[in-house]
């Protein structure tokens, strides 16, 4: 983010410290779910939260580790182990890097969208107020870029209001599209992580479970509003089949 063009609230969402905080929360919520399922000790999950919830992650230290190990998530987990201690060996069990990276990116996109939606609401309120204020204020109309019949400034503001309202609807749709969680392990088969872990993390992070075919990465189409209802139903059926297979075995 370019500081002089960025509000502090928006910059904070994309700050490395915030990103690592979300990484930790995803890992800790996953540990909670695994503890409830008997996969890891419950005391370990409690320790992970107790030692990590108020920790300030050392970005420079993580960068230094990454230069050595050549892997961002391993670098973070190594630093987390320095904070949590021996119980850190239960963190990230059965998960893959994209589980953390993609879900974190979605959390950030949702938070950024919420800021923009709040701003749009203020813009809409101002446009509506001004449109009524200038309901009878005469102004020249334009056609083909030249003066035409007279109109009112209020109507012009009403046009702007309608356009911003349509933009808000598109932003809401985009927010819903990206508000998904993907915790399915290597290549997305759920072979090493129970689907209930994904459901728990999604609920804890305010997201929906990603209804997709098996893959270790969340689909890139959620970055744009391009998924048809038919495609979503197909992905949901595919995911359901994967979960049923996991539970049978």
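The values are calculated or read from the model by the stated rules, or taken from the named source; none is laboratory data. Remember, it's a predicted structure, so these values are computed and weren't measured experimentally. We place every Cβ from the backbone using ideal geometry, glycine too, and count neighbours over all the protein chains shown.
What to note about this one:
- You will find that of 73, 59, 69, the residue that is within 28 Å of residue 195 (Cβ to Cβ) and either in contact with a strand residue (DSSP E or B) (Cβ under 6 Å, 6 or more places away or on another chain) or not assigned by TED's automatic domain parsing to the domain that holds residue 184 (or both) is 73 and no other.
- Condition check for residue 76: modelled with pLDDT of 95 or more, buried (at least 19 other Cβ atoms within 10 Å of the Cβ) and either over 23 Å from the mean Cα position of the chain (by Cα) or part of a helix (DSSP H, G or I) (or both): yes
- Unmet criterion (only one of (1) under 29 Å from residue 179 (Cα atoms); (2) in contact with a strand residue (DSSP E or B) (Cβ under 6 Å, 6 or more places away or on another chain)) for residue 124: (2)
- Yes/no for residue 142 being outside any loop (DSSP other than H, G, I, E, B), at pLDDT below 95 and out of contact with any helix residue (DSSP H, G or I) (no Cβ under 6 Å at 6 or more places or on another chain): yes
- Inside segment 1-11, residues that are closer than 18 Å to residue 59 by Cβ and surrounded by 14 or more Cβ atoms within 10 Å (Cβ to Cβ) make up a count of 1.
- Odd one out for residue 118 among (1) touching a strand residue (DSSP E or B) at 6+ places or on another chain (Cβ under 8 Å); (2) over 30 Å from residue 33 (Cα atoms): (1)
- Checking 81, 113 one by one, the residue that is touching a helix residue (DSSP H, G or I) at 6+ places or on another chain (Cβ under 6 Å) and surrounded by 16 or more Cβ atoms within 10 Å (Cβ to Cβ) is 113 and no other.
- Within segment 189-214, the residues that satisfy the criterion of being under 17 Å from the mean Cα position of the chain (by Cα), part of a loop (DSSP other than H, G, I, E, B) and modelled with pLDDT of 95 or more are 205, 206, 207.
- Residue satisfying condition, being assigned to a helix (DSSP H, G or I) and under 22 Å from residue 178 (Cα atoms), within set 25, 66: 25
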